[in-house]
Structures are given as structure tokens and as C-alpha cells.
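Everything on this sheet refers to the single structure shown next.
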């Protein structure tokens, strides 16, 4: 593995992941040529995210983004379905030029080539732009998210290439961590966490099953400032639908607060969200319950992929939201 560390700076989990991946340049060039019908003239590797090898590739007709997955899953086929449906609702999304699978050096690789959208990730602008600019962008982000949530899915949880979900009901989807309690307890023991940090949140989910009902609607499942591209003070694109799910729209809002907090920016986003019916009497309760679901899922996920360095954040969130739920709804 290439050593990406700088003096006094330990290598991050993200850097560790990207250091494992090194697709031959000629393979990337061939895929770009398949997608664009022209030869690439330049490559820039992008170290972002934890799931894919990513390149910004220059051609004579403009730039494309190439993502390369080594997963046994079908992230790009799922994303293509979600982007097509979201575009029909007026969501600004990239054009997917090609999804291609190929075995290279005994690795099964999935390639996705997108037309690059102009813009800067909103996450890069936070802390540098005035409230007068951030507020309308946040409201617009809420409006766009509500458009994504208009898309119906055929089921819940992970989606296939046609929008069919892994589970037949929202309850079945949200109860997944409760069925995996024994595994979660083993993970807790491995990280020297008390059993109660698993059993208490599991009981919260089991005891509030009446909340988890409703139709399957498209969730971006990673809707955040890093995937909102801003150009000239407006949102120009929403990217990275590859982990999209079917479920309750409140899940996307809960995920936002899980990482970015329930703050003024989130209030602006909510004000721009068009379907006000989701902000019902159970909204606050569902927000906490869904963050608990998210934390349990991510503790399991990072254990599975070997991301032990990422665990502390999710254990802390699990502890905080479990305590908050118990204090608020005892």
C-alpha cells in the first residue's frame, strides 16, 4: 500500500481505502472512450468518499467523472434508475454516460462515467459564505429533496436496478438491526462497549414499531452538503445517488442531522421542503428513532469493512440519541 501520510499526520481511513485501489490508466481511458467516443487528454484522481476510486477526466468535449466500484453490489445500476426518476421530477442531476462492468487483473470492476456538473460542493463553502447566500441555498436544498421524495419505489431498503426494494415494508426495513442484535452485541464486546448500548436502542426500535409505516419513496440516503454542487449562488447539481434506498422521507432528514446537526441551516432546509405533511406530531420522535437506526447500521457496517477508526463517532451518536429518546419519551 502506498504510504500517504505526512509528518505527524496519521493516515486516515479514507486514505487507507483509496490507497488500496489502483486501476490501470489504460483501462480508465478505454472506458472514457467508450462513453464519450473521444480520447481522454488528462486525469486527476479525487480522494473523496470511502466506496469508490474516482477520477476527473478531461476530454476535448469537456470533463467527465469516472467512479470505479469493487463492490459485489450494483451501485451504479441503482443510481442510474434513481437519477432518471429524479430528473423527471425536476432534480438537477448529472447525465450518466455509461455503466460498464469488466474484469481487470482478477478484479471485478464496475465503472460509471458521468458528465461533470459545474459547481463547488456546498461543504467546501460552509464557513466562508454569508448567511444571506447560505439561507436561500439551504431552502433550495429542501425543495430539491422534496422532489426526490416524490419518486415511488417498489419496496424498502436497498434497491435493485429497477427500483425494487429488499424489504416489503418500512417496518421490516427499520427492524433489521433488531434481528441482528447478537451480531451487534459481539461488535460492542469487541469495542469494549456495554451490552446496554445495544439492547437499549434495540428496545426503542421494537417499542415504537407503530411509527414505521407508510409507502416506499426514494431516499438519496447521502443527501448532504458534500453532494450539493453550487454555482453562482444556486444549486447546480445533486450527485452520488449510488446508496439510494426506498423508505420514509424523514430518514433523509434524520441522516442530515446525524452528521450536520439540527441547527439554523437545517431549519432553512425544512422550510424549503414542500411536503409539509411529514412534519406531523410524530416527526421529532421519528427523527431520533431513525438516527438510532442509522447508528446501529453504521456500527455494523464499519465493523464489516474494517473501519475501526470510524467507530468512535457512531458509538457516540448511538449513546447520545438513545439517551435523548429515553429522556424525551420515557
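The values are calculated or read from the model by the stated rules, or taken from the named source; none is laboratory data. Just so it is clear, the model here is predicted, and its values are computed rather than measured. Here Cβ is always computed from backbone atoms with ideal geometry, including for glycine, and neighbour counts include all displayed protein chains.
Couple of notes before you dig in:
- Residue in segment 154-174 that is touching a helix residue (DSSP H, G or I) at 6+ places or on another chain (Cβ under 9 Å) and at pLDDT below 95 present: no
- Test: residue 262 is in contact with a helix residue (DSSP H, G or I) (Cβ under 7 Å, 6 or more places away or on another chain) and surrounded by fewer than 22 Cβ atoms within 10 Å (Cβ to Cβ): no
- In segment 156-173, the residues that are touching a strand residue (DSSP E or B) at 6+ places or on another chain (Cβ under 8 Å) and under 20 Å from residue 205 (Cα atoms): 156, 157, 158, 166, 167, 168, 169, 170, 172, 173
- Selection of segment 150-166 for residues being without any contact (Cβ under 8 Å) to a residue 24 or more places away in the chain and under 30 Å from residue 199 (Cβ atoms) yields only 166.
- Residue 99 vs. criteria in contact with a helix residue (DSSP H, G or I) (Cβ under 7 Å, 6 or more places away or on another chain), surrounded by 14 or more Cβ atoms within 10 Å (Cβ to Cβ) and within 30 Å of residue 232 (Cα to Cα): no
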